[in-house]
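**Student:** Take this structure first; my questions come after.
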Amino acid sequence: MAYNVWNAAAYEITNILIDFDARWEMNRWVKMIRAHCFQDWVEWKTERTMKRVDKQVDEIQQKWHQEDRKTYIDPVIIEHKPDGSKAQQLLGGELQMRAPWYKEEPK
C-alpha cells in the first residue's frame, strides 16, 4: 500500500479539529485538505486496521493451540522392524499407534 503519510496525518488532524468543534467542518481550507488527503488516509487507516486484525488472529490461534494441547494428547507411534516378507521389505515394518498411558502386558 502506497500512501503519503503526511496527507494521512493532515486528514487525522482535521478529524481532531472537527471532533473538537464541529464548525471546522464548514471551513473552506479544512474541506480542501480533507478532499485532497482522503485516499491517503483510507490507505493508512486500512493498513493500521489490518495490522491489528493480524495481531488478533495470531492471539486467537495461540489461544486455540494452547487449548488443543490441553485437550488432545499426542499418541505414541512405534515402528517395528520388517519381518523379512516381500511386502514388508517394500513398505517397511509394521506401525503401531497407542495412547501414552497404555502399557503392554508382558507375554
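**Student:** Out of the residues in segment 28-42 meeting the condition of being loosely packed, with under 15 Cβ neighbours inside 10 Å and not hydrophobic (A, V, I, L, M, F, W, C), tell me which one is farthest from the chain's Cα centre (by Cα).
**Tutor:** The selected residue is ARG28.
**Student:** Right, next: I'd like to verify a number: residues in segment 14-65 that are closer than 18 Å to TYR3 by Cβ and touching a helix residue (DSSP H, G or I) at 6+ places or on another chain (Cβ under 9 Å), how many?
**Tutor:** 14
**Student:** Shifting gears a bit: Out of segment 1-58, which residues are assigned to a helix (DSSP H, G or I) and acidic (Asp, Glu)?
**Tutor:** Hits for segment 1-58 are GLU12, ASP19, GLU25, ASP40, GLU43, GLU47, ASP54, ASP58.
**Student:** Inspect segment 90-104 for any residue being at pLDDT below 95, within 35 Å of the chain's Cα centre (by Cα), in a helix (DSSP H, G or I) and loosely packed, with under 10 Cβ neighbours inside 10 Å and give the result as yes or no.
**Tutor:** No, the conditions are met nowhere in segment 90-104.
**Student:** Now a separate question. Pick out the one residue from ILE60, ILE77, ILE73 that is hydrophobic (A, V, I, L, M, F, W, C) and touching a strand residue (DSSP E or B) at 6+ places or on another chain (Cβ under 9 Å).
**Tutor:** ILE77
**Student:** Also, quick follow-up: Return the residues of segment 46-80 that are surrounded by 10 or more Cβ atoms within 10 Å (Cβ to Cβ), over 16 Å from the mean Cα position of the chain (by Cα) and of a type in the set (A, V, I, L, M); say none if nothing qualifies.
**Tutor:** ILE73, VAL76, ILE78
**Student:** Evaluate the following for ASP83: is it part of a helix (DSSP H, G or I) and not basic (Lys, Arg)?
**Tutor:** When the stated conditions are applied, ASP83 does not pass them.
The values are calculated or read from the model by the stated rules, or taken from the named source; none is laboratory data. Everything numeric in this text was worked out from a predicted model, so none of it was measured. Neighbour counts are summed over all protein chains in view; Cβ atoms, including those assigned to glycine, are modelled from backbone coordinates with ideal geometry.
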